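Each value in this text was obtained by applying a stated rule to the coordinates, not by laboratory testing. As the structure is a prediction and not an experimental result, all values here were calculated from the model. When we count neighbours, we look across all protein chains shown, and the Cβ atoms used for this are built from the backbone with ideal geometry, even at glycine.
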Amino acid sequence: MAFTLSRLLNGFAEKYTPALSLWNGTIVGMSEKGLKIAEISETDYRDFASRHATSPEIGPIQTSFDPSVKEKQKREFEQVLVGLWGCDNLCAVADFHIYPSETDSTKRALKLDSVIVPEELRRRSLASLLVAQIFTDLLSNSGRKIASIYAHSVHPATVRLLRRLQFNDPNVLGAPISHIALDAESRENFVKDCEGQVRDRLNRMKLQCAYCRNGDKRARPWCLPRGEKPPILTPE
């Protein structure tokens, strides 16, 4: 299983992390500096979740690998696990599931199962960038024919993230599910919204990457806890 990262991200990678390359549709080849989004292993995902899947608002964050969740999972799905790195720090991970539609066997439903960011790196748009980027790339694959996207929006930050992408708010009663249905027109508009969010966040993040690389005192690295000074990096 592989997917193609969009040109928005590729352009950033080529400019700011020249060691990156494309292989099987996934960016690989860890750079010593800059931003990278790529598929990650189940082991890496589970290790990251074991350390960071908790929140002051809701407590432990469930993932699809929790035994209690796996016991309830009856349907088969394609799983996409991705991570976002800043330099050599893994800063965020997300888990996406693609299911056959229950009403039309030719179409698919996409689920954002979980997105996890360490507490010290939250409120920096890392989850928004990661989710919007992968939504864009998965929907750009016409062979998957994704007709709807949904998520269990338990965490307030997830509700806000999806609301910015025109998802409905979760119901007050019943399961707290945010969703959006996609036809040809709404799919195009949704992808444009995602690309706009990615572009906006990359513009801000690449400026901080440039500051870090040049040892500029204005650097506010998004990949490090507040107050931690970035290393002084020299251009290759």
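Using the Cα centre of segment 112-152 as the reference point, and only Cβ charges (+1 on K/R, -1 on D/E), how large is the resulting charge dipole? Debye, rounded to the nearest 20.
Dipole size: approximately 140 debye.
Over the Cα atoms of segment 96-236, compute the convex hull volume and normalise it per residue, giving Å³.
That works out to 128 Å³ per residue.
For segment 46-101, take every pair of Cα atoms, bin their distances at 10 Å starting from 0, and report each bin as a whole percent.
With 10 Å bins starting at 0, P(r) equals 19, 46, 29, 6.
If you plug each phi of segment 187-199 into the Karplus form 6.51 cos²θ - 1.76 cosθ + 1.60 with θ = phi - 60°, what whole-Hz ³J(HN,Hα) values come out, in order, with x for Gly and Pro?
After applying 6.51 cos²θ - 1.76 cosθ + 1.60, I find 4, 4, 5, 5, 4, 5, 4, 4, 4, x, 5, 4, 4 Hz.
Going down the list LYS111/LYS229; LYS36/LYS192; LYS36/LYS217; LYS36/LYS74, which pairs span over 31 Å between their C-alpha atoms?
LYS111/LYS229; LYS36/LYS74
With 10 angstrom as the radius, rank PHE77, PHE135 by how many other C-beta atoms surround their C-beta, starting from the fewest.
PHE77, PHE135
Ranking ASP88, ASP200 by Cβ neighbours within 10 Å, fewest first, what do you get?
Going from least to most buried by this count: ASP88, ASP200.
How big is the shadow of the Cα convex hull of segment 7-213, averaged over all directions, in nm²?
Taking the Cα atoms of segment 7-213, their convex hull projects to 11.9 nm² on average.
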